[in-house]
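Worksheet: one structure, shown below.
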Amino acid sequence: MILSALSYLIIPIYTLLFVRGTDWFTSNFSVIGSLEQQKKAFAAWGILISCTLYRMLFPLIDQAPFSQGRFRSVKKRRVCFSLLNLALLFLTAAIILPYIPSQFPVQAWLHIIFAFFSGVSLFFCLVFLIHSYYQNRPALFRTPMHILWSSFTVSLILLLISGIVNSALEILVTITACILTRQMYRKVFGV
């Protein structure tokens with residue numbers, strides 16, 4: 001119940017409230033989070049999303065077909081856990097480092113790198129994970145596979161149109177990651 005509330009309601013609403021009053025196509029979470037009145041909200045968003053995703057993805061990786069039985073692959077399991085941990089580590093670093101290019105250019109540059117690789121690491125973690133479940137039970141995991149690649153396609157289009165990682169793209173990735181992870185969790189664990 002709590003995971004559903006966080007994934008379907010609290011995180012999406014919090015994310016939308018975080019960016020309210022800004023232009024979704026010319027701004028992004030880094031710029032908004034660097035505003036003095038938004039720093040705590042940005043940190044809270046990072047903690048909320050990190051804890052929620054980790055709470056669901058860790059057991060999903062542990063129970064994935066590449067972690068069990070005849071499909072067991074220690075390498076794939078290790079890679080998936082590493083990608084999850086890197087995504088959370090990079091997100092934490094991006095939230096901690098200030099994005100104020102005029103005052104702290106090196107920290108701002110590192111912030112951008114960490115934020116980018118956080119999203120990339122999470123995406124590849126989800127690709128490995130969902131693909132593993134899909135190979136084992138295609139009918140059950142067809143929808144998550146479609147959601148993952150549809151989200152990727154829309155994200156790529158948003159990136160190509162605007163030329164930057166903007167709030168619209170970050171909102172899409174945040175909400176999709178939460179809903180997709182929750183659906184996977186429910187399909188695997190039945191709760």
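Would you look at the GNM of the chain, springs on alpha carbons closer than 10 Å, and say which of 13, 130, 32 moves the most?
For the chain, modelled as a Gaussian network with Cα springs under 10 Å, the answer is 13.
What percent do you get for the relative contact order of the chain when only Cα pairs under 8 Å and 6+ apart count? Can you show the working numbers first?
Values: 201 pairs, mean separation 58.6, N = 191.
Relative contact order, the chain: 31 percent.
For the pair residue 102/residue 164, report the inter-label distance in nm, with labels modelled 7 Å from Cα in the Cβ direction.
Those two pseudo-labels are separated by 1.4 nm.
What ranking, highest mean first, results for peptides 81-90, 169-178 when packing means the other Cβ atoms within 10 Å averaged over each residue? Write down the numbers at each step before the final one.
Values: 81-90: 18.7, 169-178: 20.8.
Descending packing order for the listed peptides: 169-178, 81-90.
What net charge is computed for the residues neighbouring residue 170, neighbours being all others with C-beta under 15 Å from the C-beta of residue 170, Lys and Arg scored +1, Asp and Glu -1? Walk me through the numbers before you get to the answer.
On the way: positive: 20; negative: 23.
After counting each charged neighbour, the total is 0.
Sequence gap at least 6, Cα distance under 8 Å: using those rules, report the relative contact order of region 107-191 to the nearest whole percent.
24
Given a 1.4 angstrom probe, I'd like the percentage of the accessible area of region 100-191 that is carbon and sulfur, rounded to a whole number. Mind showing how you got there, number by number?
Numbers: 3470 of 4790 Å².
It is 73 percent, rounded to a whole number.
Taking only protein heavy atoms into account and a 1.4 Å probe, give the accessible area per residue of the chain in Å².
Numbers: 10290 Å² over 191 residues.
That works out to 54 Å² per residue.
Which residue, 44, 168, 139, has the most motion in a Gaussian network model of the chain that connects Cα atoms within less than 10 Å?
139
Among 63, 37, 107, which one moves the most in a GNM of the chain with springs linking Cα atoms closer than 10 Å?
37
Rounded to the nearest 500, what is the chain's calculated 222 nm mean residue ellipticity when only DSSP H runs of at least 4 contribute -39500 (n - 2.57) each, over all residues?
Values: 8 runs with 145 residues, N = 191.
Rounded to the nearest 500, the figure is -25500 deg cm²/dmol.
Convert each backbone phi in region 21-32 into a coupling constant with the Karplus relation 6.51 cos²θ - 1.76 cosθ + 1.60 (shift: θ = phi - 60°), then list the ³J(HN,Hα) values in order as whole Hz, x for Gly and Pro.
Those phi angles translate into x, 10, 8, 5, 9, 10, 10, 8, 4, 4, 5, 5 Hz.
The values are calculated or read from the model by the stated rules, or taken from the named source; none is laboratory data. Keep in mind the model is a prediction, meaning the values are calculated, not measured. In this analysis, Cβ positions are derived from the backbone assuming ideal geometry, glycine residues included, and neighbour counts consider all displayed protein chains. Side chains are part of the model used for accessible areas, which takes the heavy atoms of the whole protein and leaves out ligands, DNA and RNA. Shrake-Rupley method; radii C 1.70, N 1.55, O 1.52, S 1.80 Å.
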